[in-house]
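**Q** Sharing a structure here in structure tokens format.
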Amino acid sequence: MRIDMPAPVRAAISRLEACGWQAYAVGGCIRDSLLGREPHDWDVTTEALPEQVKEAFGGQKVIETGIRHGTVTLLADGMPIEITTFRHDGAYKDHRRPERVEYVRRLQEDLARRDFTVNAMAYSDRTGMIDCFGGREDLKAHRMRCVGDPMQRFEEDALRIMRCIRFASELVFTVEEATAEAACTLAPTLSAIAMERIRVEFVRLLCGAGAEITLRHYRRIPAVFIPEIRDTFCCDQQNDYHIYSVWDHILHAVGQIEPRPVLRLAAFFHDIGKPVCKTVTEEGWGHFYHHEHVGADMTDKIMRRMKFDNKTREQVVRLVKTHGIVFQPTGKQPARLLRRMGEETLQQLIALERADVKSQAPQFRAERLERIGAFENAMQKLVKEEACFSLRDLAVNGRDLLAAGVPRGPAVGDALEMLLSQVTDGEIANERTALLQCLKEHNLVKD
Ligand code: ATP
Ligand code: MG
């Protein structure tokens, strides 16, 4: 079997071999090539020590990216290739991978330290595929399986638990039984792992093609670092609008929305406030008053705890807070929301509403989707017409207002805002004379 490696990778391997060292492409790039997916980076493993690698590429740019772990990065024609010396990890403690590594002589030992069989294959044109742990078979069966004893491998490094379900989601794989059981059993040890690292894996999991199904099977794992979701698992909605529990509804919404981080996160968190807000009438009808606001506060706390960047957090919290809005395609609402939220956020809200509705009881779906579609059309029409949405687009500016007699100071800003809302609400045209006339009518100018 031949793998079509990029020319710089093939050249790097040949160069190391010419210097007398074994070298192979290894890990994710081999897995992705076999799956017909585009690898995002190419890693090389070699018996040469980092100093020897540098020597082999004398004259080329080699950066000491992780020299303590035996890794250097070769910049070959602008393509970064990580070259790592055969190694295994030193003693493990606290469920984390160790700082110190030990170099080993044989490729097989290097492959044995890798997390999953599908990540533990190496290849060179000289030797062909080297697959000591049944990686190809697991790839064919679409299955994640630990190299070696899963309990031991997850005990060594709890991040592997997240990597396991992240790969399952991204590749739409199942998890082999013993691996799955160990992952669930040891999920609580994730608390030893830095939140930033968990977060990266969690977002990738959410954006995977198999996110819905992976979360359905392995909800116990995210529940370790987002315990707030536990209450949604069995929260029955008890009304005609819903056919799923809150958790199942959330999962459907995640599966229905485009795989972009802000959207998937918003879908994941949109109804997290429901269990806390649930009330049931005497007739047995469930209500969830204010769950958007409660949910937005919860989302804010969770995302801070998970050390999300401010922008992502603010965007997601805003969507959670605004979701459930009843769109009014005719009238002033499209222009108002467009002004208040901006085009990008409003488009995200529309996407969230669609996913939400698609995950509700089917008898209301068609009518609600139609309404959302009509709202979106109205909004897009406004955007196309380049209607005036920001102060910058207004046909008058602060200087014009001063010249017209608005007193210097905060009154200028207030007057501009007032004019803007008049224009976006369709009360007056965005024309100089109309705007100045409007100022007079509102008694904002000194005569
Ligand atoms: P992707 O780049 O899509 O995340 P990948 O498999 O290349 O997938 P990396 O994190 O780039 O993942 O790691 C490269 C290789 O290093 C993996 O394929 C695996 O063999 C090994 N590896 C990475 N992290 C671990 C870990 N925590 N435990 C054991 N092996 C690991
Ligand atoms: Mg990689």
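The values are calculated or read from the model by the stated rules, or taken from the named source; none is laboratory data. The structure presented is a predicted model; accordingly, all values stated were derived computationally and were not measured. Methodologically, a virtual Cβ is constructed for each residue, glycine included, from the backbone with ideal geometry; neighbour enumeration extends over all protein chains shown. Calculation scope for accessible area: heavy atoms of the full protein, side chains included, ligands and nucleic acids excluded. Shrake-Rupley method; radii C 1.70, N 1.55, O 1.52, S 1.80 Å.
**Q** Quick one: which helices (runs of 4 or more DSSP H) sit completely within region 7-73 and have at least 3 residues that are within 16 Å of ligand 1 (Cβ to nearest atom) and either within 30 Å of Arg143 (Cβ to Cβ) or among the polar types (S, T, N, Q) (or both)?
**A** Where helices (runs of 4 or more DSSP H) fall fully within region 7-73 and carry at least 3 residues being within 16 Å of ligand 1 (Cβ to nearest atom) and either within 30 Å of Arg143 (Cβ to Cβ) or among the polar types (S, T, N, Q) (or both), they are 28-35.
**Q** Right, another one. Specify which of the listed residues (Val147, Val118, Val175) is within 25 Å of Arg199 (Cβ to Cβ), touching a helix residue (DSSP H, G or I) at 6+ places or on another chain (Cβ under 6 Å) and away from ligand 2 (no atom under 16 Å from the Cβ).
**A** Exactly one of Val147, Val118, Val175 is within 25 Å of Arg199 (Cβ to Cβ), touching a helix residue (DSSP H, G or I) at 6+ places or on another chain (Cβ under 6 Å) and away from ligand 2 (no atom under 16 Å from the Cβ), namely Val175.
**Q** Can you report the number of residues in region 1-37 which are buried (at least 21 other Cβ atoms within 10 Å of the Cβ) and either within 15 Å of Arg105 (Cα to Cα) or at pLDDT below 95 (or both)?
**A** Of the residues in that region, 2 qualify.
**Q** Scan region 288-311 and report the pairs whose first residue is free of Cβ contacts under 8 Å to residues at least 24 places away in the same chain and at positive phi and whose second residue is open to solvent by less than 90 Å² (accessible area, probe 1.4 Å) and in a helix (DSSP H, G or I), with Cβ atoms within less than 8 Å and a gap of 6+ or a chain change.
**A** Within 8 Å, the pairs are His290/Cys277.
**Q** Would you mind finding the one in Arg105, Arg136 that is open to solvent by 30 Å² or more (accessible area, probe 1.4 Å), more than 13 Å from ligand 1 (Cβ to nearest atom) and in a loop (DSSP other than H, G, I, E, B)? So that I can check it myself, show each step before the final result.
**A** Working: Arg136 fails: in a loop (DSSP other than H, G, I, E, B).
Only one candidate qualifies: Arg105.
**Q** Ok, one more. I'm checking my understanding of the structure. Among residues of region 108-133 that are in contact (Cβ under 8 Å) with a residue 40 or more places away in the chain and over 32 Å from the mean Cα position of the chain (by Cα), which one is surrounded by the most Cβ atoms within 10 Å (Cβ to Cβ)?
**A** Applying the first criterion (in contact (Cβ under 8 Å) with a residue 40 or more places away in the chain) to region 108-133 yields 110-111, 114-116, 118-130.
When the remaining residues are screened for being over 32 Å from the mean Cα position of the chain (by Cα), the result is 124-130.
Details: Ser124: 24, Asp125: 14, Arg126: 11, Thr127: 11, Gly128: 12, Met129: 16, Ile130: 17.
By that ranking, first place goes to Ser124.
Listed here are the residues, each with its yes/no results for (1) among the hydrophobic types (A, V, I, L, M, F, W, C); (2) surrounded by 13 or more Cβ atoms within 10 Å (Cβ to Cβ); (3) within 30 Å of Ile257 (Cα to Cα).
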{"site": "Pro362", "(1), (2), (3)": "no, no, yes"}
{"site": "Arg368", "(1), (2), (3)": "no, yes, yes"}
{"site": "Gln380", "(1), (2), (3)": "no, yes, yes"}
{"site": "Ala415", "(1), (2), (3)": "yes, yes, no"}
{"site": "Gln422", "(1), (2), (3)": "no, yes, no"}
{"site": "Asn430", "(1), (2), (3)": "no, yes, no"}
{"site": "Ala434", "(1), (2), (3)": "yes, yes, no"}
{"site": "His442", "(1), (2), (3)": "no, no, no"}
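**Q** How do the helices (runs of 4 or more DSSP H) wholly within region 314-418 filter down when requiring 2 or more residues that are within 30 Å of Asn239 (Cα to Cα): which remain? Can you show your working first?
**A** Values: elements: 333-341, 343-358, 365-384, 398-404.
Fully inside region 314-418 and qualifying: 333-341, 343-358, 365-384.
**Q** On the given criteria, is Ala76 open to solvent by less than 60 Å² (accessible area, probe 1.4 Å) and more than 16 Å from ligand 1 (Cβ to nearest atom)? So that I can check it myself, show each step before the final result.
**A** On the way: open to solvent by less than 60 Å² (accessible area, probe 1.4 Å): yes; more than 16 Å from ligand 1 (Cβ to nearest atom): yes.
Answer is yes for this residue.
**Q** Would you pick out the residues in region 38-65 that are under 29 Å from the mean Cα position of the chain (by Cα), surrounded by fewer than 18 Cβ atoms within 10 Å (Cβ to Cβ) and in contact (Cβ under 8 Å) with a residue 12 or more places away in the chain?
**A** Just the residues of region 38-65 that are under 29 Å from the mean Cα position of the chain (by Cα), to begin with: 38-44, 65.
Of the ones still in play, those that are also surrounded by fewer than 18 Cβ atoms within 10 Å (Cβ to Cβ) are 38, 40-41, 65.
Residues satisfying the conditions are His40, Asp41, Thr65.
**Q** Arg145: in contact with an Asp or Glu (Cβ under 6 Å, 6 or more places away or on another chain) and at pLDDT 95 or above, yes or no?
**A** yes
**Q** Within region 213-241, count every residue that is surrounded by 19 or more Cβ atoms within 10 Å (Cβ to Cβ) and within 22 Å of Glu353 (Cα to Cα).
**A** 5
**Q** Can I ask one more? With the requirement that a residue be small (Gly, Ala, Ser) and assigned to a strand (DSSP E or B), what does region 74-87 give you? Spell out how you get there, then give the answer.
**A** Taking region 74-87 first, the residues small (Gly, Ala, Ser) are 76, 78.
If the condition is that a residue be small (Gly, Ala, Ser) and assigned to a strand (DSSP E or B), then Ala76 is the only one that fits.
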